[in-house]
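A quick write-up on the structure given underneath.
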Amino acid sequence: MHKEVYSICFMCTVRCPIKVTVEDGAVRWIEGNPHQLKGALCAKGSAGTALLNDSERLRYPMIRVGARGEGRWKRVSWEEALAYSAEKLQEVISKHGPESVVFGERQNLNTHLSKTFMRALGSPNHYTHDALCKGSVNTAFRTLTGYTDAQVTIDYANCKHIVLYGRNIFESLELKPIQALMDAMEKGSRITYIDTRATITASKAHRFWLIRPGTDLALNYALMNVILRENLYDETYVNRWVSGLNELRGFVEAMTPEWAEEETGIPAEEIVALAREISRDKPQVVFHYGYRGANHTNEIYFRRSIIMLNALMGSIESKGGLIIKKTAKDAGYGAFAKLVDQEGLPKPKAPRFDGVGGDLLPICDPAHGVGQQLPLAILKEQPYPIKAAISYRFDPLLSIPDYNQNKRAFDKLDFILTIDVNFSETAWYSDVVLPESMYLERSDSLQMADGPRPTIYMRRQCVPPRYDTKPYWEIIKLLAENLGVGKFFPYNTIEDIWNYQLKDMGIPLEKFEAKGFVALSDKPIIWDRKDGIKFKTPSGKIEFISSLMEEKGFASLEPYQSPSAPPEGMFRLTVGRNAVHTHVSTQNNPYLNELVPTNVLWINTVEAAKLGISDGQYVEVSSDQGWGRIKAFVTDLIHPEAVFMLHGFGRQVPVTTRCYNKGASDTALQKNITDMVGGSPGLHDTFVRVRPA
């Protein structure tokens, strides 16, 4: 039997729409949805079939019978696994209260179910991976515009000049934006790329600056200096929509291009040239605010500076600039419903484990929390003991900096439950593992994709589960029922969830069959730039002097501090990703592992020679947190103060045979420190020693 199914990929967080060809119950072909992606698909999306048929993924429920991390398991039925998990969670709740249970996940279509589950238990402690990735980007946007970064998008197709700060856009592969940007480049759009190493994106840029690590903020202040001194900003837009311009003008007055040259290594005349060049194309220009914004403990001020440059160019809510995403309501529809908004669901009273909303992290986003605070909260038992952790599609042991500290923290837990497709480091260290069906084997909650043209997407099951697995929406409902809170999950099928989400919108499910999605607007919705932009700040403007920050005692314009240079013989560890792997979840995929089986350490040619290190030689990399063994990649294409490695390698789960013990773990080397204003970890604030192995 032959059929074609429109669905949504989930090999990474982008969730591209796909078309899947199925014959006799087997997936024969996956391609990008031709109605949106012209059939294009990246390597990760194409490797979905390898994940589907992988015998090394989680295949049935298991309860640990040996010591944690020993790898001794007992296969059990779903009924036994759920009953055992509920019993252990109930024991923790009875002894320590519901707030002693923490739930972490990678943000996904079913997050509204996870939040419902935690509120039903009475715990405030739900968090996502977002803060680890871009917490300070989120906070920066809210301090300036009232919107989160997730509520803003970029009009790549009409952009005339885009500036990317380490945003390795051609190796992160958001297909739809990439296609739009490439089309714009063919029409003359320019790219300026700034990074501590030369990436694929650098090779495609019209201008590439190899910048000294940690000094991007100095560059931006110098750009502001030129823009304000030479009146290159969009005066009409700024006068209407920006407050605090005079304060900014005085703040950057001394931060000249010549001063920035000393900090960044970028010639002053080139900084002036960029400011003049990009202003000629305003407002169809973008200073890209980044996707992963978690480099330094002053990240909030760097991300704010990027958004402020966009404001000076008048590019926020502009064709070819940044667009505030529009909702179903903006398109004339009713609200898209989430189960977490149902009446009668308890509102936990205890403070959050991570301090978000309290004295510790007062302005970070409670919708995501600050996940890297988890091991610290467990170890210190502050604000109270944490005794149980549930992880869904998230690997806190390998994602939160300082792997060894993370394990010491998890050793203090009474119960660890993991729900996942793959055998992660956290799953290996858990007490119970519940296997989720992979995305081609299941349907999920609908995706409401806000944007200039708000659109609803549907993930549909393509083939039956290969193993004894279940979809998450069913797992969490069954777990809730075992804990006596099943009444907050009033559904039996995925169609029940879909109908609940669409109950106020008047859209029948049949409407998704033709293309896999339903667009709520025929054309982009752009607000009137003269009077129609709805900024959510108290003033209704872009606030350079942020009322949110000032009310909590944070300066809106913090004096610049030059980053410390590494001590002699040490380097600043920088990390990132490439086009093949997603975070920590794909290193054992048969296809993707064949393409990139391990990571290497980028090190500058001159610095490597000083240490007697040659290209391809094994080296030992160490910090105060841990160490690793990895091959050196000696190159001129990285700044002398930095070394670089891909995130996600150095795995320690023996049953994932393809990636076991391959490369080094960045998490084992990094210290767990946080931008205490914005919420991101400082992933590039660790110095490491490198020597021949």
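Computed from the coordinates by the stated procedures, all read-outs in this text should not be read as laboratory data. The structure presented is a predicted model; accordingly, all values stated were derived computationally and were not measured. All Cβ positions, glycine included, derive from the backbone under ideal geometry; neighbour counts span all protein chains shown.
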For this session: Distance between Cα centroids, segment 60-82 to segment 203-249: provide it in whole Å.
Result: 55
Problem set entry | Given charges at Cβ of Lys, Arg, Asp, Glu: segment 1-145 dipole, positive-most of Leu89, Thr143, Ala67 | Thr143
Problem set entry | Spin-label zone in segment 641-666 - amide nitrogen under 18 Å from a point set 7 Å from the Cα of Glu620 along the C-beta vector | 663-666
Exercise. How large is the convex hull of the Cα atoms of segment 563-693 per residue, expressed in Å³ as a whole number?
Worked result: 118
Exercise. Nearest-5 percent of antiparallel DSSP beta bridges in segment 91-228?
Worked result: 0
Seminar exercise, completed: Toy charge model, Lys and Arg Cβ at +1, Asp and Glu Cβ at -1: segment 564-624 dipole around Cα centroid in debye, rounded to 20, equals 160
Exercise. Considering the zone a paramagnetic label at Ala519 would reach in this model (a point 7 Å from Cα along the Cα-to-Cβ line), which residues of segment 11-33 have amide N under 17 Å from it?
Worked result: 17-18, 33
For this session: With all distinct Cα pairs included, what does the Kirkwood hydrodynamic radius of segment 297-427 come out to in Å, to one decimal, could you say?
Result: 18.5
For this session: Taking the Cβ of Trp241 as the centre, find all other residues whose Cβ is under 9 Å away and add up their charges (Lys, Arg: +1; Asp, Glu: -1).
Result: +2
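Going down the list Lys470/Lys515; Lys38/Lys534; Lys470/Lys503; Lys329/Lys530; Lys387/Lys477, which pairs span over 30 Å between their C-alpha atoms?
Pairs exceeding 30 Å: Lys38/Lys534.
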For this session: Sketch the reach of a paramagnetic label on Lys534 as a point 7 Å from Cα along Cα-to-Cβ, and name the residues of segment 441-462 whose backbone nitrogen lies under 15 Å away.
Result: 450-454
Exercise. Amide H to amide H under 5 Å from Lys662: which residues, 5+ apart in sequence or cross-chain, H placed 1.01 Å off N in plane?
Worked result: Gly650, Arg651
Exercise. Once the principal axes of the Cα atoms of segment 617-693 are found, what is the range along each, listed largest first in whole angstroms?
Worked result: 40, 34, 22
Exercise. To the nearest 20 debye, what charge dipole does segment 593-676 have about its Cα centre, counting +1 at the Cβ of each Lys and Arg and -1 at the Cβ of each Asp and Glu?
Worked result: 360
Exercise. Under the Karplus relation 6.51 cos²θ - 1.76 cosθ + 1.60, θ = phi - 60°, what is the ordered set of whole-Hz ³J(HN,Hα) values for segment 605-618, x standing for Gly and Pro?
Worked result: 4, 5, 5, 4, 4, 4, 8, x, 9, 10, 4, x, 7, 6
Exercise. In units of 2.2 N^0.38 Å, what is the alpha-carbon radius of gyration of segment 95-212?
Worked result: 1.43
Seminar exercise, completed: Over all Cα pairs of segment 385-499, the Kirkwood radius sets Rh, and Rg/Rh then becomes 1.03
Problem set entry | Tensor-based shape of segment 478-610 (alpha-carbon gyration tensor, a/c under 1.5 rounded, otherwise prolate or oblate) | oblate
For this session: Would you calculate, for the chain, the mean residue ellipticity at 222 nm contributed by helices, counting each DSSP H stretch of 4 or more residues as -39,500 (n - 2.57) and dividing by all residues, to the nearest 500?
Result: -8000 deg cm²/dmol
Problem set entry | Semi-axes of the equivalent ellipsoid for segment 318-358, Cα gyration tensor, largest first, Å | 32, 21, 6
Problem set entry | Sites Trp527 and Asn231 - FRET efficiency at Förster radius 25 Å, r taken between beta-carbons, to 0.05 | 0.45
Problem set entry | Proximal aspartates and glutamates to Lys662, defined as alpha-carbon separation beneath 20 angstrom and excluding residues fewer than eight positions away on the same chain | Asp54, Glu56, Glu70, Asp395, Asp402, Glu425, Glu594, Asp615, Glu620
Exercise. Looking at this model, which pairs from Lys115/Lys412; Lys325/Lys541; Lys204/Lys319; Lys282/Lys338; Lys631/Lys671 are more than 28 angstrom apart at the alpha-carbon?
Worked result: Lys282/Lys338
Exercise. When the C-alpha atoms of the chain are aligned to their principal axes, what extent does each axis show, in angstrom, from largest down?
Worked result: 70, 64, 52
Seminar exercise, completed: One would report the antiparallel percent of DSSP beta bridges in segment 528-659, rounded to the nearest 5, as 40
Exercise. Among the aspartates and glutamates, which fall within straight-line cross-link reach of Lys536, defined as a Cα-Cα distance under 18 Å, with same-chain neighbours fewer than 8 residues apart omitted?
Worked result: Asp149, Glu317, Asp330, Asp365, Asp450, Asp528, Glu550, Glu551
For this session: Between the alpha-carbon centers of segment 266-324 and segment 511-569, tell me the distance in whole angstrom.
Result: 12
Exercise. Residues with beta-carbon under 12 Å from that of Ser55, excluding Ser55: net charge, scoring Lys, Arg +1 and Asp, Glu -1?
Worked result: +2
Problem set entry | Antiparallel content of DSSP bridges confined to the chain, in %, to 5 | 50
Seminar exercise, completed: Distance in Å, no decimals, from the C-alpha centre of segment 626-693 to the one of segment 431-492 is 33
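Using the Kirkwood radius over C-alpha pairs as Rh, can you work out the diffusion coefficient of segment 365-427 via Stokes-Einstein at 37 °C, viscosity 0.692 mPa s, in µm² per second? Show your work: numbers first, answer last.
On the way: Rh = 12.1 Å.
For the chosen part, D equals 272 µm²/s.
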For this session: Label segment 163-234 by shape, choosing from rounded, prolate and oblate, from the square roots a ≥ b ≥ c of the eigenvalues of the Cα gyration tensor; if a/c is under 1.5 it is rounded, and otherwise prolate applies when a/b is larger than b/c, oblate when it is not.
Result: oblate
Problem set entry | Relative packing of 681-693, 211-223, 177-189, which averages over residues the other C-beta atoms within 10 Å, highest first | 211-223, 681-693, 177-189
For this session: Straight distance only, please: which lysines reach the Cα of Lys44 with their own Cα at less than 17 Å, same-chain residues fewer than 8 apart left out?
Result: Lys19, Lys176
